[in-house]
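First up is the structure itself, then whatever we jot down about it.
The values are calculated or read from the model by the stated rules, or taken from the named source; none is laboratory data. Computed from a prediction, not measured in an experiment: that's the story for all the values here. Cβ coordinates were reconstructed from backbone atoms using ideal geometry, including for glycine residues, and neighbour counts include every protein chain displayed. Ligands, DNA and RNA are stripped out before the accessible areas are found, and what is left, the full protein with its side chains, is counted by its heavy atoms. Shrake-Rupley method; radii C 1.70, N 1.55, O 1.52, S 1.80 Å.
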Amino acid sequence: MPSSEHYWFALKVFYNRAPQVQEDFRKAGHDSYLPKLIASLLFVHCAEQELLDYKRRHEGGLLYYTDPASEDRRRPGRIPDREMDNFRVATSLAESDPDAIYLGSDTEKLCTGDRVCVTDGIYKGMEGYVKRIRHARKVLVAIKGVAVVALSNIEPQFLEKIES
């Protein structure tokens with residue numbers, strides 16, 4: 001049974017309707033985030049049942065991302081607040097960085113490097129994975145199973161390895 005607690009969920013919204021869906025959730029009193037870097041991706045903060053009810057009323061217009069680690073692949077995947085906060089800041093900052101690129105959905109092949117925290121600069125506090133892309137070092141900031149943004153121009157001395 002779905003929880004009445006509020007969580008972050010990721011939605012894939014079709015037919016350029018992401019701004020309208022975002023407005024629907026805002027009118028219902030829920031926080032949402034529409035990253036400009038990633039077309040048709042919308043994050044909403046609401047109770048799971050509210051998300052399921054909205055999807056049922058708008059069948060065919062959107063889908064929610066599920067938790068790839070969950071046994072029940074029909075339920076929406078919950079995104080931890082810390083992960084969502086990190087992703088919001090990273091994508092907002094990346095909009096003004098001409099070298100930042102959207103890499104598509106998060107997959108194991110993208111997360112092969114060390115987990116790091118950025119200790120200084122505009123990305124200070126961001127956590128992600130180091131990856132070489134197009135011969136340059138990038139820090140990948142991800143919503144697991146949903147999306148990845150690659151941040152660049154981070155000096156190596158500002159990367160601190162996070163031990164598992």
So for region 11-34 (the condition being touching a residue at least 60 places away in the same chain (Cβ under 8 Å), within 17 Å of the chain's Cα centre (by Cα) and within 30 Å of residue 126 (Cα to Cα)), does at least one residue qualify?
no
Here, strands (runs of 3 or more DSSP E) confined to region 14-128 with at least 2 residues that are at pLDDT 95 or above and open to solvent by less than 70 Å² (accessible area, probe 1.4 Å) are 41-47
Within region 143-164, how many residues are surrounded by 15 or more Cβ atoms within 10 Å (Cβ to Cβ) and either free of Cβ contacts under 8 Å to residues at least 40 places away in the same chain or among the basic types (Lys, Arg) (or both)?
2
